[in-house]
Amino acid sequence: MIKKKILNASVSSATALSAFFILAIVAVVMGNIIIEGSSTVTWEFLTGKPTEGMTQGGIFPAIFGTFLLVVIMSIIGVPIGTITAIYLTEYANQHSPFARLIRFAVNTLAGVPAIVFGLFGLGFFIQFVGSSMDKALLPAGELRWGQPNILWASLTMAILTLPVVIVSVEEALKSVPRELREASLALGATKFETIWKIVLPNSLAGMLTGGILAVSRGAGEVAPILFTGAAYFLPKLPNSLSDQFMELGYHIYIMSTQSPDVEATRGIQYATTLVLLVLTFALNFSAIFLRYRVRKNMAH
Amino acid sequence: MNELKTKIRVENFNFYYDKKHALKNISMNVPEHRVTALIGPSGCGKSTFLRSLNRMNDLIEHTRCDGTVVVDNVNIYDEAIDVVELRKKVGMIFQRSNPFPKSIYDNVAYGPRINNIKEKKQLDEIVERSLIRAALWDEVKDDLSKSGLALSGGQQQRLCIARAVAVDPEILLMDEPASALDPLATTKIEELIHELKEKYTIVIVTHNMQQAARVSDFTAFFYMGEQIEFDETKKIFTMPGKKQTEDYITGRFG
């Protein structure tokens, strides 16, 4: 009996300890960043340009670039992902080889390392699609699309986040009860009318959740844009799809590894990291909140 | 029985779930403007049969059927049949009330809107008429914008009936429409069924023998996928022709 009690007590304290360990890591990381970074995050920092070889000034171009990146990425990725998910849940025969192949592809895509997407973007979008466009559209030798830009970076990011969108939209669609679909069909609605008027409106919040999760995933990735569009430093904001852009994650990376004076940028590094973290956390929390709302509505 | 017009004529109908033979050689003439009840123990095929009458079983993968189901002289399993048109003509009420998460008005107007009725005045009329027909109008007329989900269980089921009659069907299929309701709400639905048969031909699946006896004019008894007996309800419940029917309605098995 005593043996059992000792075993029981030690297992429960071991599990509690490892749980506490996780909490402690989060607390140390967050605490460190908040303490070191918060004093640098000022209005001028959020709205200004980097100056003095990026040892002074703000990060507005990087915030703007990140924003633009995820917006273009969503405009391209969310519709494609949503339509794929609609096909998979509503139209495809669940056991057909084709549907299985697509699901297998989605899962594989989800497991591919981000840097591979970056290389794919470089090889496919820039060197193949972009160069071909230049050859077709511009006088020989001129370069416009065959080099890194925000369009190719966004497309690469859209492909990276596609599995996130597909899986969450599929879940949202599946959460619409069969009874509602049957009610609609029994009234003489076609399958398309049922999807359009009943299934999609009732899974809208779930789809939004998917979109937000994709955006927060995209905002946190650097590898895919490394070769496809992010710039070290730009004096002006991008104003065309063929322009390069600055991005928060990439900005942190170059300031901590490529800056001529890493020590001098320490405060900016912390502050930029804080901004990026707050941004992705805010997106994740809004996704969780939305999902909670959906579940509550469905429980009626 | 001869003077009654047949609305649905079923001949040698078989239905299979994958390899399971769920309905065996069913033949039945469902009379117009009468209530026909389908009774039998769980899994006997009565719901499957009901769902065959508006081809809702088409939605289930790996099923097939043969034989004929003729509604108004048209075989509904004919390849040329438009299932969507069929389902407008043959409405369905489900076991669990399933209003859309929309307002009462939008629930009832859903069917007409699909049929391209867009004019507000016309929709208003249809909604009012349908809700009156489903005996719900007086309870909800002051707040048609309220969510259908905010209604009580019995009211929700009547809303579903209103939604079904809004597309002007000729036949109403009811799959245990009162099984989830309290006795008072059940009584209301039963009274309603009695009124509805003047305009519609009704086929109802029920677990409740008293209910079948109360609401129906004809009764079919199903057992293990076979139709054991089909006759006037009076006759089925007073002097059934088959021993199995008698055993079932007297509660000896079920």
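The numbers here are math on the coordinates, done by the rules we state, and not lab data. If you're wondering where the values come from, they're calculated on a predicted model, not measured in any experiment. As a convention, Cβ positions derive from the backbone with ideal geometry for all residues, glycine included, and neighbour counts pool all protein chains shown.
Using a Gaussian network model of chain B with C-alpha springs under 10 Å, which one of B:Ala135, B:Ala150, B:Ala162 is most mobile by mean-square fluctuation? Highest fluctuation among the options: B:Ala150. Listed by chain and number, the lysines whose C-alpha is less than 23 Å from the C-alpha of B:Lys88, apart from same-chain residues fewer than 8 away, are A:Lys191, A:Lys197, B:Lys5, B:Lys7, B:Lys46, B:Lys102, B:Lys118, B:Lys120, B:Lys121, B:Lys197, B:Lys199. Considered as an equivalent ellipsoid built on the Cα gyration tensor, chain B has semi-axes of 31, 21, 16 Å, the largest given first. Overall size of the stretch A:38-298 from C-alpha positions, given as principal axis extents largest first: 69, 51, 29 Å.
Compared with the dominant Cα axis of chain B, that is its longest principal axis, helix B:104-114 is turned about 70°. Partners of A:Lys49 within straight-line reach, counting lysines whose Cα lies under 22 Å from its Cα and excluding those fewer than 8 residues away in the same chain: A:Lys236. What whole-number distance in Å separates the alpha-carbon centres of the stretch B:42-76 and the stretch A:137-163? Cα centroid of the stretch B:42-76 versus Cα centroid of the stretch A:137-163: 54 Å apart. On a per residue basis, the convex hull of the C-alpha atoms belonging to the stretch B:77-195 measures out at 108 Å³. Using C-alpha pairs under 8 Å with a sequence gap of at least 6, the mean separation divided by the residue count of chain B gives a relative contact order of 27 percent. Straight-distance candidates among the aspartates and glutamates for linking to B:Lys20, with alpha-carbon spacing under 18 Å and chain neighbours fewer than 8 residues away dropped: B:Asp58, B:Glu61, B:Asp66, B:Glu226.
Would you compute, from DSSP H runs of 4+ residues alone, the mean residue ellipticity of chain B at 222 nm, taking -39500 (n - 2.57) per run and dividing by the full residue count, rounded to the nearest 500?
On the way: 10 runs with 90 residues, N = 254.
Using -39500 (n - 2.57) per qualifying helix, the result is -10000 deg cm²/dmol.
Applying Stokes-Einstein at 4 °C and 1.567 mPa s to the Kirkwood radius of the stretch A:15-158, computed over alpha-carbon pairs, gives a translational diffusion coefficient of 66 µm² s⁻¹.
Spatially, the stretch A:226-245 and the stretch B:174-240 are offset by 72 Å when compared through their Cα centroids.
Using DSSP to define loop residues, name the GluC sites (Glu not before Pro) in the stretch A:46-142 whose beta-carbon has at most 16 other beta-carbon atoms within 10 Å. Mind showing how you got there, number by number?
Details: sites: A:Glu52, A:Glu90, A:Glu142; in loops: A:Glu52, A:Glu142.
Hits after loop and neighbour filter: A:Glu52, A:Glu142.
For the segment B:54-60, counting C-beta atoms of other chains within 10 Å of every residue's C-beta and taking the mean gives 2. Could you check what % of the DSSP bridge pairs in the stretch B:6-249 are antiparallel, to the nearest 5? Looking only at bridges with both residues in the stretch B:6-249, the antiparallel portion is about 60 percent. Of all DSSP bridge pairs formed entirely within the protein assembly as shown, close to 60 percent run antiparallel.
Please work out the FRET efficiency for the pair B:Glu170 and A:Glu36, using the Cβ-Cβ distance as r and a Förster radius of 51 Å; give the result to the nearest 0.05. Spell out each step's value before the answer.
On the way: r = 76 Å, r/R0 = 1.48.
FRET efficiency, B:Glu170 to A:Glu36: 0.10.
Run the Debye formula on the Cα coordinates of the stretch B:98-167, all scatterers equal and no solvent, and tell me log10 I(q)/I(0) at q = 0.19 1/Å. Debye curve over Cα of the stretch B:98-167, log10 I(q)/I(0) at q = 0.19 Å⁻¹: -0.61. For the protein assembly as shown, dividing the convex hull volume of the Cα atoms by the residue count gives 260 Å³ per residue.
For the stretch B:17-132, what is the Kirkwood estimate of the hydrodynamic radius, computed as the reciprocal of the mean inverse distance between distinct Cα atoms, to one decimal in Å? Let's see the in-between values first.
Numbers: mean 1/r = 0.0594 Å⁻¹.
For the stretch B:17-132, inverting the mean 1/r across all distinct Cα pairs yields 16.8 Å.
Just checking the output field for A:173-186: average partner chain Cβ neighbours within 10 Å of each residue's Cβ? Don't skip to the answer; put the middle values down first.
Working: counts 0, 0, 0, 1, 3, 2, 7, 4, 2, 6, 13, 7, 9, 18.
For peptide A:173-186, the averaged partner shielding equals 5.
Of all the options B:Glu226, B:Glu79, B:Glu11, the one that moves most in a Gaussian network model of chain B with Cα springs shorter than 10 angstrom is B:Glu79. Among A:Gln244, A:Gln269, A:Gln94, the residue with the largest mean-square fluctuation in a Gaussian network model of chain A, with springs joining Cα atoms closer than 10 Å, is A:Gln94. The alpha carbons of the stretch A:111-160 stretch over 40, 15, 12 Å along the principal axes, in descending order. For the residues of B:105-118, the average number of beta carbons from a partner chain within 10 Å of their own beta carbon is 2. In terms of Cα atoms, the Rg and Dmax of the stretch A:219-284 work out to 12.5, 35 Å.
Taking a ≥ b ≥ c as the square roots of the Cα gyration tensor eigenvalues, the stretch B:123-254 comes out prolate, since a/c reaches at least 1.5 and a/b is larger than b/c.
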